[in-house]
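The values are calculated or read from the model by the stated rules, or taken from the named source; none is laboratory data. What you see is a predicted model; the values in this text were computed from it and never measured. Note that we place each Cβ from the backbone using ideal geometry, even for glycine, and neighbour counts take in every protein chain shown. Remember, those area values only see protein heavy atoms, side chains included, never the ligands or the DNA or RNA. Shrake-Rupley method; radii C 1.70, N 1.55, O 1.52, S 1.80 Å.
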Amino acid sequence: MLSSNVVSSSSPLTFSKPNPHFFIHASSHVKPNLVTRFQTQHRATPLQSSKLSFTPTSQIQLSISKLRSFNGFLPHPFQPSPRPRLQIVKAASEENPGGENVTPTVPKSKNLKLALVFGLWYFQNIVFNIYNKKVLNIFPFPWLLASFQLLVGSIWMLVLWSSKLQPCPKISKTFIVALLGPALFHTIGHISACVSFSKVAVSFTHVIKSAEPVFSVMFSSVLGDKYPVQVWLSILPIVLGCSLAAVTEVSFNVQGLWCALISNVGFVLRNIYSKKGLQNFKEVDGLNLYGWITILSFLYLFPVAVFVEGSQWIPGYYKAIEAIGKPSTFYIWVLLSGVFYHLYNQSSYQALDEISPLSFSVGNTMKRVVVIVSTVLVFRNPVRPLNALGSAIAILGTFLYSQATSKKKEKKIEGEKSS
């Protein structure tokens with residue numbers, strides 16, 4: 001093999017040629033010392049397997065451009081024998097100039113960032129659930145509270161956009177029309193969950209909401225998606241666990257159960273219609289998309305809230321102040337529920353941008369476990385052994401579902417690449 005550096009030493013270009021007869025044609029315009037040095041070197045040195053030099057890809061591209069410009073002014077540029085073809089040795093990375101196989105490692109800074117995002121996501125979700133339930137215990141008007149939470153999120157996003165802390169997407173009539181469906185289902189999912197929180201323990205609502213994959217598989221199958229057997233088997237423990245938890249729940253309430261189930265339906269349909277209707281707006285990132293859904297959801301919900309329970313708000317407010325003692329405490333609780341509702345959703349979108357959908361699903365499952373345990377400890381809800389067992393089975397089923405669906409997505413991606 002013959003190795004030659006025909007450009008500057010800072011940008012070596014390596015050629016490999018098994019034929020020992022390598023003819024070089026250069027005109028008299030080439031500097032004599034260059035041609036003489038090149039020919040003397042290869043006549044004096046017997047042909048041996050020379051050590052390959054590895055060069056970063058960016059430097060190889062620069063070297064090729066330099067070689068082409070050099071050959072341009074020569075009457076007879078460097079021309080090797082027609083056979084065999086010249087081959088450019090594959091470059092090693094700049095961090096690995098020797099070409100050894102090195103397993104890529106995740107920088108510590110990225111691990112720290114992921115840990116921070118997950119920690120905030122879990123913490124914000126716990127704070128929201130605690131103060132949301134505290135407000136509903138003394139002010140049982142979920143329609144007004146849910147509307148206020150959407151209002152806080154809307155104001156938050158408008159502040160981010162106006163201060164340019166978050167780039168504001170270009171809005172068109174087509175984009176708003178496409179958002180109307182997902183925003184409607186988001187509204188249904190949010191208000192239903194809030195009503196459920198007002199009727200039963202927070203832990204019970206979250207156990208029932210862990211059955212969301214069941215509805216996702218059912219509705220997606222009706223719309224034409226096909227799932228492997230593993231996915232269908234994974235939803236069986238979810239159904240079993242939720243049923244066992246419902247039967248043994250101390251704070252069981254029919255309206256609370258049904259609202260939690262309706263919440264699942266709403267969020268599943270939001271995800272399905274977002275996927276189908278917003279494919280042409282991929283330039284809008286997740287946080288901006290959620291911001292506009294929040295604004296439209298508030299416009300959907302507040303007029304209905306006024307109609308459903310508006311006449312009871314003022315008497316209910318005075319009862320809440322009388323029960324809590326300090327008006328400022330009530331205001332702080334309401335404000336915290338609104339701020340942390342938006343923050344935990346914002347953190348979830350940031351987490352989804354940083355990790356794979358599978359890791360996000362696993363993280364979301366663990367988040368539900370953390371929220372259930374935290375609210376049980378804070379509110380001291382009585383938990384029966386069978387109730388705890390049912391909750392654990394349902395959470396396990398959610399985890400198995402995330403594993404099964406991730407394999408389905410991987411096979412789909414591989415099939416698209418092969419085709």
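Taking each of Lys164/Lys367; Lys134/Lys199; Lys282/Lys367 in turn, the alpha-carbon distance tops 21 angstrom for Lys164/Lys367; Lys282/Lys367.
Compare the peptides 219-231, 182-194 by average per-residue count of other Cβ atoms within 10 angstrom and give them in order, highest first. Can you show the working numbers first?
On the way: 219-231: 12.4, 182-194: 23.5.
Going by the mean number of other Cβ atoms within 10 Å, highest first, we get 182-194, 219-231.
In the P(r) worked out for region 139-214, what percent of Cα pairs fall beyond 18 Å? Counting every Cα pair in region 139-214, those more than 18 Å apart make up 58 percent.
Distance between the modelled labels on Lys170 and Phe307, one decimal in nanometres: 3.7 nm (7 Å Cα→Cβ projection).
Note on exposure: Arg380, Arg270 ranked by accessible area (1.4 Å probe, complete protein assembly) read Arg380, Arg270, with the most exposed listed first. A simple packing score, the average count of other Cβ atoms within 10 Å per residue, orders the peptides 167-180, 134-147 as 134-147, 167-180, with the highest score first. Note on Tyr331 and Leu233: with the Förster distance fixed at 60 Å, the Cβ-Cβ geometry gives a FRET efficiency of about 0.75. Using a probe of 1.4 angstrom and keeping all protein chains present, the accessible surface of region 288-361 works out to 51 square angstrom per residue.
Ligands, DNA and RNA aside, Phe360 has an accessible area near 40 Å² when probed at 1.4 Å.
For the ranges 155-166, 201-212, what's the packing order if you count other beta-carbon atoms within 10 Å of each residue, average per peptide, and put the highest first?
201-212, 155-166
For region 384-400 versus region 292-349, the spacing of their alpha-carbon centroids is 31 Å.
For an R0 of 30 angstrom, estimate the FRET efficiency from the Cβ-Cβ distance between Ile314 and Val159 and round to the nearest 0.05.
0.55
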